[in-house]
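Please treat every number below as a calculation from the coordinates, not as lab data. Model, not experiment: these values are computed from the prediction. Positions of Cβ are generated from backbone atoms using ideal geometry, with glycine treated the same way; all protein chains shown enter the neighbour counts.
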Amino acid sequence: MTPLVVGNWKMHGALAEASTLARGVVNGARDVSGVELALAPPFTSLPTVAAITRDSAIALAAQNAHWETRGAFTGEVSPEMLRELGCRYVILGHSERRHIFTETDEMVAKKVPAAIAAGLQPILCVGETLDERQADKTDAVVSRQLTSALKGLNKGVIKFVSLAYEPVWAIGTGHNATPQQVEEVHRGVRRVLAQLWDKEHAGVCRILYGGSVKPENAGELAAVPELDGFLVGGASLQADGFLKIARAFR
Ligand code: PEP
């Protein structure tokens, strides 16, 4: 499986900054092979980044989407609108959406099939808070989030889904999960997928890790069995750093 490394710019990257950053990634990525790269700028910068990445192998990703195609949903963007802009991927259920904007499992469960129906490939984020980890609830939380979001999908579309294990306590804190912690949870994710479908279909989804991935820790994390890429926040705002992370898979 080709690893996928996604830069989640969050609410960074107005037009000028997005343009410089995307050009830096496109130029620097010419010597990166064996890894698929994707950039997830804010909605407003998607067309700019789409134009810059158009003739490259770099994919475009959105950071969120609604589940309806159109309607009275002020402030929301539909999966079809994102597909029209050239997005291949959409990040769904990011912990900042869940915890700051109170997105529920039920909402995420509506978004995943809607994104696929529009031709987008969801990157479904799951992960536990620090309290949940300390209470030994990591497996239960991750399993609940996965089951809720994926149980309605039929086997034919699973290949379009990537998962991102993102422990909430590791996001933007500088404290990444250890390779051992990542391996344990990723093996658990694979088990849940096998329960939902079967072993063969469980093997087709990429499982990314996200949470304070940096050039300094990317090598040891990339070596984790059952890890198929990274979702990178802060460190994706520097083209050089992002590309160093991608090269960890060589
Ligand atoms: C993220 O927001 O998806 C993320 C992983 O952030 P950071 O890399 O900054 O921890």
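Quick notes
A quick yes/no check of all residues on (1) farther than 18 Å from residue 201 by Cβ; (2) of a type in the set (Ser, Thr, Tyr); (3) in contact with an Asp or Glu (Cβ under 9 Å, 6 or more places away or on another chain):
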residue	(1), (2), (3)
130	yes, no, no
143	no, yes, no
153	no, no, no
170	yes, no, no
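- Some residue of the stretch 161-171 being more than 16 Å from the ligand (Cβ to nearest atom) and out of contact with any strand residue (DSSP E or B) (no Cβ under 7 Å at 6 or more places or on another chain): no
- When residue 118 is tested against (1) within 16 Å of the ligand (Cβ to nearest atom); (2) touching a residue at least 24 places away in the same chain (Cβ under 8 Å); (3) in contact with a helix residue (DSSP H, G or I) (Cβ under 9 Å, 6 or more places away or on another chain), just one condition goes unmet, and that condition is (1).
- The set of residues in the stretch 84-112 being more than 16 Å from the ligand (Cβ to nearest atom) and either polar (S, T, N, Q) or touching a strand residue (DSSP E or B) at 6+ places or on another chain (Cβ under 9 Å) (or both) consists of 85, 86, 87, 88, 102, 104, 111, 112.
- Residue 242 being touching a Leu at 6+ places or on another chain (Cβ under 6 Å) and either under 23 Å from residue 40 (Cα atoms) or away from the ligand (no atom under 12 Å from the Cβ) (or both): no
- Residue 221 meets all of the listed conditions (1) without any contact (Cβ under 8 Å) to a residue 24 or more places away in the chain; (2) under 26 Å from residue 136 (Cβ atoms); (3) within 15 Å of the ligand (Cβ to nearest atom) but one, namely (1).
- Residues that are more than 16 Å from the ligand (Cβ to nearest atom) and in contact (Cβ under 8 Å) with a residue 24 or more places away in the chain within the stretch 199-218 comprise 201, 204, 205, listed in sequence order.
- Within the stretch 47-76, considering residues that are free of Cβ contacts under 8 Å to residues at least 60 places away in the same chain and touching a Cys at 6+ places or on another chain (Cβ under 7 Å), the one nearest to residue 250 (Cα to Cα): 60
- The number of residues in the stretch 93-115 being without any contact (Cβ under 8 Å) to a residue 12 or more places away in the chain and under 13 Å from residue 165 (Cβ atoms) comes to 0.
- All positions within the stretch 29-55 that are surrounded by fewer than 17 Cβ atoms within 10 Å (Cβ to Cβ) and either farther than 25 Å from residue 125 by Cβ or charged (D, E, K, R) (or both): 30, 31, 33, 51, 54, 55
- Selection within the stretch 101-145: residues that are closer than 21 Å to residue 156 by Cα and either part of a loop (DSSP other than H, G, I, E, B) or among the basic types (Lys, Arg) (or both). The member of this set that is nearest to the chain's Cα centre (by Cα) is 120.
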